[in-house]
Amino acid sequence: ILPFFPFLAAKAQNYDESKVPSYVLPDALKMVSGKKVRNQKTWETKRRPEILKLFEDNIYGQMPTAYDSVRRMIVSDDGAAMGGKAILKQVLIEIFRNQKSVKINLVLFVPSKAAAPSPVFLLINNRGKDNTDPTRIKKSEFWPAEMLIDSGFAIATFHVDDLAPDNKDTYMNGVLQLYPEQLKMDNGMKAIGAWAWGANRVMDYFEKDKDLDAKKVIIVGHSRGGKASLWAAAQDQRFAACVTNCSGNSGAALARRQFGERISRINTSFPHWFNNNYKKFNDKENLLPVDQHMLIALVAPRPIYATNASKDLWADPKGTFLALKNAESTYALYGLHPDLPASPPGINEPYIIPPIAYHIRDGEHNMTAYDWANFIRFARSF
Ligand code: GCU
């Protein structure tokens, strides 16, 4: 049947594996100059910075780090949270630059009977604040704080709106007020960059909190938050590990497969997420000097866990798995030899062998108790 609007058909999202075009991925271990990277030193001093800059310039924008001062206020400190199992700390982190400031409202539960500083999961919350209720009157699988506390982990979160409202007309009313020059640049920071920036500032706080083991902070994000968790971990090597849940296009999934959501679509629906340069790659994935396996390579040698859900083809589960697979060579520079199978494991058959873990959960696009239970297994395995 001929489509009535052929131009619309051309833009339709592909869910048919047989229609995935053939593609060649850029080699994470080949310098722009053509030279091959053979050891950790060349990777760390030359190729890693080169790739980071390619992602900054073409996708996520710059990550400014200079600010004038920071004020951290413990707004509440409740030693009797969760029936005495946890200490609830609500921390207001205010960062100043050029007479402007941005406020991050951090919610943090720490196991109260821990013998040593606790490892931490930090969630970038891109959903309703109900999901992370500090009073615990409302509970959500999206952030199952009790499960984490019972397993000996501290659990923290902040909301993306504190850094950049998730809206094309208002995203600049946050971190970008501190860095207005970014708005004028084609490789300037936008919303996803601002959320990742926030995670890095929370990490600054973790380093000061003696109840926490800042060397074991796992950054977690779901979907658009998972794009930000990957970018935060790539930028800030203080994060010990990264969880990127159903992050899909411009997250953990390969762009060149053109399966499910594509760059043209994400840039049209969410023009405020990525920098202006990214728009040049609408329907031109093959011109990108990077693909998302290289973002995962930037997390190396630290452990990474990507997930998908069986009904979430929009986020391209196979493309996510293949991005992990194609990052293996970078881990090998560190003497680590992840050996993922050639094709994704079955539904609800998590592959948790660090440094690279993956699962497809049965069900919809979401982050659930099932996912978290596996993140805990993962965090215990390294
Ligand atoms: C949309 C968007 C995705 C994103 C998702 C989410 O579906 O197209 O890229 O990951 O929202 O954040 O839930």
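Being out of contact with any Pro (no Cβ under 7 Å at 6 or more places or on another chain) and modelled with pLDDT under 95 is true for just one of 113, 129, 89. Which residue is that?
Exactly one residue qualifies, and that residue is 113.
Within segment 240-262, take every residue that is among the hydrophobic types (A, V, I, L, M, F, W, C) and in contact with a Gly (Cβ under 9 Å, 6 or more places away or on another chain) and give me the one that is farthest from residue 314 (Cα to Cα).
242
Could you list, in sequence order, the residues of segment 137-162 that are closer than 14 Å to residue 199 by Cα and of a type in the set (Asp, Glu)?
So in segment 137-162, the residues closer than 14 Å to residue 199 by Cα come out as 155-162.
161, 162 - these are the residues of segment 137-162 that are closer than 14 Å to residue 199 by Cα and of a type in the set (Asp, Glu).
Has segment 115-129 got at least one residue that is of a type in the set (Gly, Ala, Ser) and surrounded by 15 or more Cβ atoms within 10 Å (Cβ to Cβ)?
Kept after step one, since they are of a type in the set (Gly, Ala, Ser), are these residues of segment 115-129: 115-116, 118, 128.
Next cut, surrounded by 15 or more Cβ atoms within 10 Å (Cβ to Cβ) only: 118.
Yes: segment 115-129 contains one or more residues that are of a type in the set (Gly, Ala, Ser) and surrounded by 15 or more Cβ atoms within 10 Å (Cβ to Cβ).
Looking only at segment 26-51, which residues are touching a residue at least 24 places away in the same chain (Cβ under 8 Å) and closer than 19 Å to residue 288 by Cα?
Selection gives 26, 28, 29, 32, 48, 51.
Hey, among 332, 300, 323, which residue is at pLDDT 95 or above and touching a strand residue (DSSP E or B) at 6+ places or on another chain (Cβ under 8 Å)?
Unique residue meeting the criteria: 323.
Would you mind listing the strands (runs of 3 or more DSSP E) fully within segment 69-183 where at least 2 residues are away from the ligand (no atom under 16 Å from the Cβ), of a type in the set (A, V, I, L, M) and farther than 20 Å from residue 243 by Cα?
Values: elements: 69-81, 86-97, 100-111, 118-125, 154-159.
Qualifying strands (runs of 3 or more DSSP E): 69-81, 86-97, 100-111.
Scan segment 201-213 and tell me whether some residue there is within 15 Å of the ligand (Cβ to nearest atom) and touching a residue at least 40 places away in the same chain (Cβ under 8 Å).
no
Starting from residues that are under 12 Å from residue 307 (Cβ atoms), part of a loop (DSSP other than H, G, I, E, B) and not hydrophobic (A, V, I, L, M, F, W, C), keep the ones in segment 215-274 and report whichever is nearest to the ligand (Cβ to nearest atom).
Result: 223.
In segment 280-316, what residues are within 16 Å of the ligand (Cβ to nearest atom) and assigned to a helix (DSSP H, G or I)?
281, 285, 292, 295, 313, 314, 315
Restricting segment 1-19 to residues that are surrounded by 10 or more Cβ atoms within 10 Å (Cβ to Cβ) and either closer than 16 Å to residue 264 by Cα or under 25 Å from the mean Cα position of the chain (by Cα) (or both), which is modelled with the lowest pLDDT?
9
Please enumerate the residues belonging to segment 301-314 that are under 14 Å from the mean Cα position of the chain (by Cα) and of a type in the set (A, V, I, L, M).
Passing the criteria: 304, 306.
So, in segment 334-354, of the ones that are in contact (Cβ under 8 Å) with a residue 24 or more places away in the chain and part of a loop (DSSP other than H, G, I, E, B), which residue ends up nearest to residue 242 (Cα to Cα)?
The extreme case among them is 354.
So which of 131, 58, 98 is under 19 Å from residue 178 (Cβ atoms) and not hydrophobic (A, V, I, L, M, F, W, C)? Even if it seems obvious, please write down each step before you answer.
Numbers: 131 fails: under 19 Å from residue 178 (Cβ atoms); 58 fails: under 19 Å from residue 178 (Cβ atoms).
When all the criteria are applied, what remains is 98.
Residue pairs, Cβ under 7 Å, 6 or more apart or interchain, first in segment 355-382 and at positive phi, second small (Gly, Ala, Ser) and outside any strand (DSSP E or B). List them.
Taking only residues 6 or more apart or on different chains, the pairs are 363/310.
For the subset of segment 281-295 comprising residues that are in contact (Cβ under 8 Å) with a residue 24 or more places away in the chain and charged (D, E, K, R), which member is surrounded by the fewest Cβ atoms within 10 Å (Cβ to Cβ)? Full working, then the answer.
First pass over segment 281-295, keeping only residues in contact (Cβ under 8 Å) with a residue 24 or more places away in the chain: 281, 285-286, 288-295.
Narrowing the set further to residues that are charged (D, E, K, R) leaves 285, 291.
Details: 285: 18, 291: 24.
So the residue we want is 285.
Whether any residue in segment 301-308 is closer than 18 Å to residue 241 by Cα and of a type in the set (Lys, Arg) is what I want to check.
So far as segment 301-308 goes, yes, one or more of its residues are closer than 18 Å to residue 241 by Cα and of a type in the set (Lys, Arg).
Could you check residue 28 against (1) surrounded by fewer than 16 Cβ atoms within 10 Å (Cβ to Cβ); (2) assigned to a loop (DSSP other than H, G, I, E, B); (3) in contact with a Ser or Thr (Cβ under 8 Å, 6 or more places away or on another chain) and say which number it fails?
Of (1) surrounded by fewer than 16 Cβ atoms within 10 Å (Cβ to Cβ); (2) assigned to a loop (DSSP other than H, G, I, E, B); (3) in contact with a Ser or Thr (Cβ under 8 Å, 6 or more places away or on another chain), only one is false for residue 28: (1).
Got a sec? Which of 84, 61 is at positive phi and in contact (Cβ under 8 Å) with a residue 40 or more places away in the chain?
Within the list 84, 61, the selection yields 61.
What about residue 323, is it over 21 Å from residue 216 (Cβ atoms) and more than 16 Å from the ligand (Cβ to nearest atom)? Outline the logic, then answer.
Values: over 21 Å from residue 216 (Cβ atoms): yes; more than 16 Å from the ligand (Cβ to nearest atom): no.
The answer is no for residue 323.
Across segment 75-95, which residue is nearest to residue 191 (Cα to Cα) among those that are surrounded by fewer than 20 Cβ atoms within 10 Å (Cβ to Cβ), of a type outside the set (D, E, K, R) and over 25 Å from the mean Cα position of the chain (by Cα)?
75
The values are calculated or read from the model by the stated rules, or taken from the named source; none is laboratory data. Quantities reported herein were computed from a predicted structural model and do not represent experimental measurements. We place every Cβ from the backbone using ideal geometry, glycine too, and count neighbours over all the protein chains shown.
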